[in-house]
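Before any comments, here is the structure.
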Amino acid sequence: MSREHLAPLGFSLLLHVGFAALFLIGIRFNGELTGSGGNEAVESIQARIVTAAELERAIRARDEEIARARQTELEQQRRQRERVAAAQRERERRAEQQRQREATARNAESEKRLAEERARKEAEEIASRRETERRAAEEQTRRETARRQAESKAELHEALDAEVRFQEAKRSGLVDEYRSSIKQKVTRNWLPPQNLPDNVNCVVRVGQIPGGEVVSVRVESCNGDDILVRSVEAAVWKASPLPDPPDSSVFDRTIEFVFKPRED
């Protein structure tokens, strides 16, 4: 208890002691003054007793006031503690909210960095994949070009060699021999139609594959009608496969000869 509350309490105790002393004195004087002048003494004592009662009431009123003041102070202290506690809770709540906001911001920043990193890696992978595909395509193109060039060169050499052999065979008479064997086989398979011209003369172009199998027939020119042309074409198809060449150098996928059956 504070000194402010102890002082009124001490004062109250002193008043109670004084009241008791006055009461005892009043009783003593009451016995002594019963004789002469007793009424005045009794009246005096009664006056003192009334004064003491008023003092007692004043003391009780003071005590009650002190008690109310103490209660009010305690209530104020309680309310102050509640306000302090509420303020503390509010500070803690705001601090927690701030921590949550900061944590959310950190998480968002972290997720942003991760997303940027993933996007960067994906872009790098795509770029690397495209670069690899580009290089592979360039290499494929280079190889294809080299292959075509090599094939073209080989075909050119082969064609030149074939032409050289053909010319040599032609000079040696092998080409004429080969064409003659073909005309003879075609003539053997020819069924002459009616109303033939006096001297059949048809230029025939034949497409063949190795082995002599005929794959195409076309009469370039002929001195007869369509019936004659169709009969010559039919004879060529029937002559398939054509005779083997006397030498491989004179074989040609496309060969042209003059069909004159009466000369043969």
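The values are calculated or read from the model by the stated rules, or taken from the named source; none is laboratory data. Here the structure is a predicted model, which means the values were calculated and not measured. Methodologically, a virtual Cβ is constructed for each residue, glycine included, from the backbone with ideal geometry; neighbour enumeration extends over all protein chains shown. Areas reflect the complete protein model, heavy atoms only, side chains present, ligands, DNA and RNA absent. Shrake-Rupley method; radii C 1.70, N 1.55, O 1.52, S 1.80 Å.
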- Message: Let me cross-check ILE126: its accessible surface, 1.4 Å probe, with only protein heavy atoms counted, in Å² to the nearest 10?
- Response: 70 Å²
- Note on the structure: Per residue, accessible area of the stretch 94-138 with a 1.4 Å probe, heavy atoms of protein chains only, in Å², comes to 91 Å²
- Give me the distance in nm between label points sitting 7 Å out from Cα along the Cα-to-Cβ direction at ASN199 and GLN100, one decimal. 11.7 nm
- Item | For the stretch 51-158, average projected area of the Cα convex hull in nm² | 6.6 nm²
- Query: Which percent of the accessible heavy-atom area of the stretch 167-218 goes to carbon and sulfur, probe 1.4 angstrom?
  - Reply: 43 percent
- Message: Can you tell me which lysines have their Cα less than 21 Å from the Cα of LYS260? Leave out same-chain residues fewer than eight positions away.
- Response: LYS170, LYS183, LYS185, LYS238
- Query: Once fully extended, how much extra length lies between GLN140 and ALA47, figured as 0.36 nm per residue of separation less the alpha-carbon to alpha-carbon distance?
  - Reply: 19.9 nm
- Message: If I model a spin label at ALA119 and VAL84 as a point 7 Å from the Cα along the Cα→Cβ vector, what separation in nanometres do I get?
- Response: 5.3 nm
- Message: If I take all pairs of Cα atoms in the stretch 184-264, what percentage of them are more than 15 Å from each other?
- Response: 54 percent
- For GLU213 and ARG188, what does the FRET efficiency come to when R0 = 25 Å and r is the distance between their Cβ atoms, rounded to the nearest 0.05? 0.90
